[in-house]
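Comments concern the structure below.
Each value in this text was obtained by applying a stated rule to the coordinates, not by laboratory testing. Remember, predicted model here, so these are calculated numbers, not experimental data. So basically every Cβ, Gly included, is an ideal-geometry build from the backbone, and we count neighbours across all protein chains shown.
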Amino acid sequence: MAARAGNVKRPEQPTGFKGHKELTPEERNRLALKREVAVSLGLWDKVEQIGWGGLSAAETGRVGAALQRRLREDNPTA
């Protein structure tokens, strides 16, 4: 029986790289915040197992909304 696409662990990318491009400090901070949000929503285990692309639309929306909320709290004048 073939493995289902949702159960396949994706190969890990080297830390600090997006494709072949090194991440900027802003990108690193944004990814760290995104990880914190995923942990707080209880989604980090799923992200680690199958990647960000494995989240449902509803889960992705929750992460995005929480990110925006956190960014507004950190910078209320923007």
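Let me spell out the model: positive unit charges on the Cβ of Lys and Arg, negative unit charges on the Cβ of Asp and Glu, origin at the Cα centre of the range 23-74. What dipole size does that give, in debye rounded to 20?
About 120 debye.
How would you rank 77, 24, 60, going from fewest to most other Cβ atoms within 10 Å of each one's own Cβ?
77, 24, 60
What's the extension gain from residue 31 to residue 45 if we count 0.36 nm per residue and subtract their Cα-Cα distance?
3.5 nm
Please arrange 21, 34 by how many other C-beta atoms lie within 10 Å of their C-beta, fewest to most.
Ranking 21, 34 by Cβ neighbours within 10 Å, fewest first, gives 21, 34.
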